[in-house]
Amino acid sequence: MNPNIAQKLARPAILNLKPYSSAREEYTGNEGIFLDANESPFNKPWNRYPDPFQQRLRQRIAEMKGVEKDNIILGNGSDETIDMLFRTFCEPGKDKVLSISPSYGMYKVSAGINGVDYETVLLNDDFSLPVERILEKASENTKLLFLCSPNNPTGNRFKDEDMRTLMQEFQGLVVVDEAYVDFSSGGSWVNSLEEFPNLVVLQTLSKSWGLAAIRLGMAFASSEIISLLMKVKPPYNVNTLTQEKALEALSNNSRLENRIKLIINEREILMKALSVISVVKKVFPSDANFFLIKVDNPDGIYKYLIERGIIVRNRSKEPLCEGCLRISMGTPKQNQYLLEQLNAYPLGIQGFKPDEHWKPIADWLVTPPRKAVKKRKTKETDITVEIDLDGNAKTDISTGLGFYDHMLEQIARHSGCDLTVQVKGDLHIDEHHTLEDTAIALGEAFAEALGNKIGIERYGFALPMDDCAAMVLLDFGGRPELVWDAKFKREKVGELPTEMFEHIFKSFAVGARCNLYIKARGKNEHHKIEAIFKALARAIRMAIKREPGADFLPSTKGLL
Ligand SMILES: *Cc1c(COP(=O)(O)O)cnc(C)c1O
């Protein structure tokens, strides 16, 4: 393919255009007394025009995407980059663009505004690309081919080989709109710019990044294409607030991956749940943060949902989308509410209580399951610990030491976790190994069950117990530490040597990688150690608590 395809396709007026040269372009230094742009010298920093070429932001995006800065142009949302493509490549009244149907509505609007013929090719019945029909429909004046993948509103990602064929065969620019690519199982076409000189990839911060409000769209293409688009863009099209907010978001993106995972997870759960609801006739597969469902009465259900405060998109009038509503993923709570309401259709039960009526689905929503099984076998001990942090305080505990069993039962009972502990230890020699190894395995089981720790409370606090006061402060922050402030006068409680108590909690802290601060006062030794175990359990209960929909790590470092 001709590498000068950009120039071949561009409007003559644009090729010959001498672009506006702003004050900020003519002098690019940061230092000095700026008397060149008729700005106000007051009201810093907002008195100054933004960087017209968004150099820092484009540099950052280039690093992130593995392309060069001159492969990128930014716009006031993708909508502006779409408009720039029309204005650069399509001669009004003469040129045409081609797209698929159904797809994103903005291509057609932009074509209309620019006086450019907009033609579409109907997708295949399974929403796949009709490659042959697209190529047949393309003519000499067809400058742009818009392919939205994953496609809006159908939700599917197009097959790589079909995309490839079109990039090779189509004689104009292939514009791949990847607004939803972060939710898809396949990669981005951004890495194929060198292979296809006629490729333009559109991305945006509006969807996966959760930054629709700041309006930042990105177009990636060969430097030849980008330099033509640069001539056309308004000089200061991305304002300073947007540039700064985007830089901040891109430099601190630790939450992004978790949010994407959570949304994909929600998508899978919601699709599964909806597929068993009688009102839903079909759930369409999705590579995006939304999907289509087919129902018998789309207008009625659309209205019914609005009456219950839920707004979905009615796409039932779109080609191939008869009966279809498009649903974007919300928080787990919001999705659950949608499920309840759809399940209740057509009667719409008032005062519907999720916990009573929707237990099976509510259970799915607590995902992924926070369970762990730890096996630990040494010469001295053979231990199995099973834990379910979201259990019902069920226990099955046998360490061979009655009093230790009793203490471990307190942990399950007062933290709400299901706990199984089975130990075969060398008790004929000493209790030491059994006590220590069990505490380590228990700690490790907690650490594993906590998994990525997203959404947990992280800290736990507990205070008075019985006639003794036991204070346990807990932090599942990743560092093992024990501060122990408790004294025992008797040599043993039950068959447990009191000198081992500190060691048990130290071992637990190491296994669970948590900070423990334990302080206990009181006369009755039995009550005192029991109070410590109960207080620990209460602290654990607080710390492992997770709000549904909480999608962040309780840490400013982004790591726990
Ligand atoms: C949402 C969406 C966009 C994003 O547009 P912005 O102007 O960047 O907010 C682009 N393309 C498609 C297909 C979309 O659905």
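Some observations on this one:
- For a 4.7 Å threshold on C-beta separation, the list of partnerless cysteines in the chain reads CYS90, CYS148, CYS417, CYS468, CYS514.
- With Cα atoms, 0 to 90° folded angle of helix 55-65 axis to the chain main axis: 70 degrees
- By the helix-only formula, in which each DSSP H run with n ≥ 4 contributes -39500 (n - 2.57) and the sum is divided by residues, the chain has a 222 nm mean residue ellipticity of -11000 deg cm²/dmol.
- Whole-angstrom gap from the range 130-181 to the range 273-299, using each part's C-alpha centre: 26 Å
- Summed residue charge, Cβ within 10 Å of SER184's Cβ, Lys/Arg positive, Asp/Glu negative: -2
- The range 403-480 shape via C-alpha gyration tensor axes, a/c threshold 1.5: oblate
- Stretched out straight at 0.36 nm per residue, the stretch from TYR236 to ALA23 would grow longer than its current Cα-Cα span by 75.6 nm.
- Modelled label positions at LYS294 and THR378, each set 7 Å beyond Cα in the direction of Cβ, lie 6.1 nm from each other.
- Order of LEU144, LEU15, LEU202 under a 10 Å beta carbon neighbour criterion, fewest first: LEU15, LEU202, LEU144
- Packing-based order for 44-51, 503-510, 533-540, using average beta carbon neighbours within 10 Å, highest first: 533-540, 503-510, 44-51
- Pairs exceeding a 26 Å alpha-carbon distance, out of LYS294/LYS545; LYS159/LYS207; LYS65/LYS371: LYS294/LYS545; LYS65/LYS371.
- Part-to-part distance (alpha-carbon centres) for the range 1-72 and the range 465-511, which is given in Å: 63 Å
- Against the chain, whose longest principal axis is taken from its Cα atoms, helix 501-512 shows a tilt of about 20°.
- 10 Å Cβ shell holding at most 12 others, DSSP loop, GluC sites (Glu not before Pro): longest site-free stretch of the chain: 323-490
- Proximal aspartates and glutamates relative to LYS534, as straight alpha-carbon distance under 12 Å, when same-chain residues fewer than 8 apart are discounted: GLU409, ASP466
- The chain: C-alpha gyration tensor shape, a/c 1.5 cut-off, then a/b vs b/c: prolate
- Computed from point charges on the beta carbon alone (+1 for Lys and Arg, -1 for Asp and Glu), the dipole magnitude for the range 371-544 about its Cα centre is near 460 Debye.
- Angle of helix 223-232 to the longest C-alpha principal axis of the chain, folded into 0 to 90 degrees and rounded to 10: 70°.
Every number here is computed from the coordinates shown, using simple stated rules; none is lab data. Keep in mind the model is a prediction, meaning the values are calculated, not measured. When we count neighbours, we look across all protein chains shown, and the Cβ atoms used for this are built from the backbone with ideal geometry, even at glycine.
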